[in-house]
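The structure under discussion appears below in the form of structure tokens.
The values are calculated or read from the model by the stated rules, or taken from the named source; none is laboratory data. Since the model is a prediction, treat every value here as computed from it, not as a measurement. Note that each Cβ is placed from the backbone with ideal geometry, even for glycine, and that neighbours are counted across all protein chains shown.
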């Protein structure tokens with residue numbers, strides 16, 4: 001039986017339907033908005049994997065090109081590995097759902113969102129979050145906290161829900177907000193230097209709007225929801241809990257005083273081994289209980305220390321930032337480089353300047369476009385003292401890179417201002433808390449070192465939260481341990497003027513907006529402190545780009561003249577490239593970009609192209625080559641393919657009997673254009689040029 005619910009959301013109706021497609025899945029819905037549609041399914045294994053003590057949740061979002069009436073590119077003509085957009089959307093769906101599964105639920109669970117129709121106006125990512133929640137909610141899978149989602153923009157000072165792609169081009173805010181009826185769970189997005197008060201208002205607006213998407217899911221569950229399976233309860237023997245507390249509490253308090261991350265981890269591992277040895281006759285099942293009790297004790301003690309003693313694991317106060325060092329220009333052959341270190345987090349960031357041929361072509365459901373700014377983030381295992389195989393960027397690396405790229409994107413110069421393709425690479429060398437925000441800081445320094453005229457420096461900071469009942473502690477510049485045992489991971493990037501990048505993940509059942517307001521203000525102060533340290537290293541972009549970077553000359557020609565520059569079969573343009581060594585790119589609108597590391601090479605290519613398209617002007621002096629000598633004068637080529645006549649009477653102030661007495665074929669001569677007649681014939685004068693260039697002789 002087909003069930004359907006709907007509500008008005010913005011300008012369109014949001015429709016959720018079940019019972020038509022994928023009926024063998026535990027839960028399946030189709031979500032429609034405009035002419036965009038997403039099929040979302042949820043399936044859970046009935047078997048629990050032996051030894052698993054975490055939720056094995058997999059979320060996959062895939063876009064079918066047929067959804068937009070397109071055929072995939074490439075040789076195989078079918079969808080291949082997930083694109084960056086698909087990977088980022090998979091993370092977007094996963095993040096608000098994962099914290100809401102009940103403790104003790106360890107069944108392998110898979111959520112799949114498939115875009116089956118796309119109107120190229122409404123992004124399916126928000127629909128996929130709603131669909132994932134609905135598919136889980138109507139299934140027997142023990143997921144009971146329904147999640148809604150909206151996209152929030154602001155056009156001409158007015159907030160708008162689910163803006164179209166065209167509206168987003170005019171918007172100074174682009175946020176995806178997901179949450180329950182009671183609180184926000186996740187935020188992802190960027191802004192154009194928006195202040196904290198406006199950002200908070202956008203979050204409040206988004207939370208109010210997403211409640212409608214929760215309500216229609218509740219209606220659907222009431223009509224066709226399945227009986228929920230109770231999750232297995234992880235019960236720990238109270239006697240084990242008491243003995244672990246008695247044995248390990250004092251040592252834990254000493255461990256928390258160790259500032260060095262690796263030493264603290266080593267000591268914690270040693271303490272776990274000693275705690276297990278304290279139970280010499282424990283069975284394998286009891287050892288698991290001991291490990292769980294040990295982890296829970298660590299969590300409770302750290303949180304209590306932060307809340308009651310106002311101390312953190314490394315001795316800082318709640319709002320303190322770890323020591324920061326900023327170094328630039330470390331890599332001599334790199335166009336721009338920086339080493340940003342904050343505590344035990346370190347990012348080596350390099351900037352490379354390329355030409356238009358280096359642009360990344362993106363072929364997505366929204367259409368094809370080119371990227372001239374790319375930021376890539378790498379997280380090698382040695383950064384956390386581990387050994388792992390390198391298998392290319394994972395979801396986390398793609399997500400962190402996208403966050404940093406979005407945080408800097410609005411501050412980048414336009415292509416007209418700075419006609420370069422820019423690639424920034426962040427290699428994390430050490431990690432103990434928010435390497436993505438270290439990437440933002442390092443990327444800013446690297447870009448300025450490369451001479452990229454960014455609008456303003458951008459810094460980022462990660463905030464945390466420890467909350468028990470009515471007590472809450474907001475932590476600035478969180479450690480990895482505080483992220484792991486805390487309730488919030490909140491990243492804010494921006495300039496001194498306002499916010500440019502925003503990411504929020506809540507690990508409890510939501511976040512009160514009052515706490516979020518305090519966190520925003522504390523983050524603003526922390527961001528200002530970090531920016532001040534960065535400005536000490538480099539206050540503004542260098543005036544000149546690196547001598548190793550290509551120098552780009554930007555010129556425009558009449559589009560009708562493009563064929564004159566290219567020549568038959570590309571012969572002329574290939575000749576210029578071969579002669580000069582410059583890289584030349586000509587766009588259909590007449591834009592010409594000439595790139596060369598040696599400025600003289602670029603200038604030579606520029607002059608050759610200019611001469612091909614330049615029109616002869618009366619009164620202008622030219623240096624040309626004598627092509628033919630006749631009795632009455634000489635024909636001189638003053639521009640490629642453009643010849644003019646120097647009559648014998650215009651050769652000199654003195655009487656000339658024979659043209660050959662002054663000019664011969666192949667001579668180089670300076671002449672002045674004195675006339676272009678009605679037949680477009682060009683008349684030149686050597687004597688007029690001589691008088692102008694050498695008056696009085």
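The residue pairs whose first member lies in the stretch 1-16 and is under 22 Å from residue 160 (Cβ atoms), whose second member is part of a loop (DSSP other than H, G, I, E, B) and modelled with pLDDT of 90 or more, and whose beta carbons are closer than 6 Å, counting only pairs six or more residues apart or on different chains, are 10/162; 12/34. Scanning the stretch 203-220 for residues that are over 30 Å from residue 303 (Cβ atoms) and either without any contact (Cβ under 8 Å) to a residue 60 or more places away in the chain or assigned by TED's automatic domain parsing to the domain that holds residue 286 (or both), we see that the one that is farthest from the chain's Cα centre (by Cα) is 208.
Let's see how each residue does on (1) at pLDDT 95 or above; (2) loosely packed, with under 14 Cβ neighbours inside 10 Å; (3) farther than 26 Å from residue 169 by Cα; (4) out of contact with any helix residue (DSSP H, G or I) (no Cβ under 8 Å at 6 or more places or on another chain):
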| residue | (1), (2), (3), (4) |
| --- | --- |
| 356 | no, no, no, yes |
| 361 | no, yes, no, yes |
| 383 | no, no, yes, no |
| 387 | no, yes, yes, no |
| 418 | no, no, no, yes |
| 433 | no, no, yes, no |
| 446 | yes, no, yes, yes |
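Selection over the stretch 457-499 of residues that are farther than 19 Å from residue 189 by Cα, in contact (Cβ under 8 Å) with a residue 40 or more places away in the chain and out of contact with any helix residue (DSSP H, G or I) (no Cβ under 9 Å at 6 or more places or on another chain) gives a count of 2. Just one of the numbered conditions (1) in contact (Cβ under 8 Å) with a residue 60 or more places away in the chain; (2) over 17 Å from residue 340 (Cβ atoms); (3) under 23 Å from the mean Cα position of the chain (by Cα); (4) surrounded by fewer than 24 Cβ atoms within 10 Å (Cβ to Cβ) is not true of residue 508: (3).
From the list 624, 633, the lone residue that is touching a helix residue (DSSP H, G or I) at 6+ places or on another chain (Cβ under 6 Å) and surrounded by 14 or more Cβ atoms within 10 Å (Cβ to Cβ) is 633.
Table: residues versus (1) surrounded by fewer than 20 Cβ atoms within 10 Å (Cβ to Cβ); (2) over 16 Å from residue 439 (Cα atoms); (3) not assigned by TED's automatic domain parsing to the domain that holds residue 453.
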| position | (1), (2), (3) |
| --- | --- |
| 317 | yes, yes, yes |
| 341 | no, no, no |
| 347 | no, no, no |
| 370 | yes, yes, no |
| 380 | yes, no, no |
| 393 | yes, no, no |
| 400 | no, no, no |
| 422 | no, no, no |
| 426 | no, no, no |
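Just need a number here: residues in the stretch 306-330 that are more than 24 Å from the chain's Cα centre (by Cα) and farther than 26 Å from residue 480 by Cβ. Residues flagged as more than 24 Å from the chain's Cα centre (by Cα) and farther than 26 Å from residue 480 by Cβ within the stretch 306-330 amount to 0. Consider residue 249 carefully, then state whether it is at pLDDT 90 or above, in a helix (DSSP H, G or I), under 26 Å from residue 342 (Cβ atoms) and outside the structural domain of residue 385 (by TED's automatic domain parsing). No.
Within the stretch 184-197, if we keep just the residues that are more than 20 Å from the chain's Cα centre (by Cα) and surrounded by 17 or more Cβ atoms within 10 Å (Cβ to Cβ), the residue that is nearest to residue 212 (Cα to Cα) turns out to be 184.
Are any of the residues in the stretch 120-127 crowded, with 24+ Cβ neighbours inside 10 Å and more than 20 Å from residue 366 (Cα to Cα)? Looking through the stretch 120-127, none of the residues is crowded, with 24+ Cβ neighbours inside 10 Å and more than 20 Å from residue 366 (Cα to Cα). Yes or no: the stretch 54-74 includes at least one residue that is closer than 17 Å to residue 139 by Cα, touching a strand residue (DSSP E or B) at 6+ places or on another chain (Cβ under 7 Å), at pLDDT 90 or above and surrounded by 14 or more Cβ atoms within 10 Å (Cβ to Cβ). Yes, the conditions are met somewhere in the stretch 54-74.
Taking first residues from the stretch 282-306 that are surrounded by fewer than 19 Cβ atoms within 10 Å (Cβ to Cβ) and partners that are modelled with pLDDT under 85 and part of a helix (DSSP H, G or I), the Cβ contacts under 7 Å between residues at least 6 apart in sequence or on separate chains come to 299/485.
Listed by position, the strands (runs of 3 or more DSSP E) enclosed by the stretch 145-227 that each have at least 3 residues that are out of contact with any helix residue (DSSP H, G or I) (no Cβ under 7 Å at 6 or more places or on another chain) are 184-194. Within the stretch 657-697, the set of residues being assigned to a loop (DSSP other than H, G, I, E, B), closer than 13 Å to residue 634 by Cα and either within 59 Å of the chain's Cα centre (by Cα) or touching a residue at least 40 places away in the same chain (Cβ under 8 Å) (or both) comprises 666, 667.
Taking the stretch 482-505 as the range and being assigned to a helix (DSSP H, G or I) and surrounded by 22 or more Cβ atoms within 10 Å (Cβ to Cβ) as the test, only 482 passes.
Quick check on the stretch 296-303. Is at least one of its residues at pLDDT below 95, in a helix (DSSP H, G or I) and in contact with a strand residue (DSSP E or B) (Cβ under 9 Å, 6 or more places away or on another chain)? Looking through the stretch 296-303, at least one residue is at pLDDT below 95, in a helix (DSSP H, G or I) and in contact with a strand residue (DSSP E or B) (Cβ under 9 Å, 6 or more places away or on another chain). Remark: residue 153 falls outside the filter, which requires a residue to be over 22 Å from the mean Cα position of the chain (by Cα), in the same structural domain as residue 7 (by TED's automatic domain parsing) and within 17 Å of residue 127 (Cβ to Cβ).
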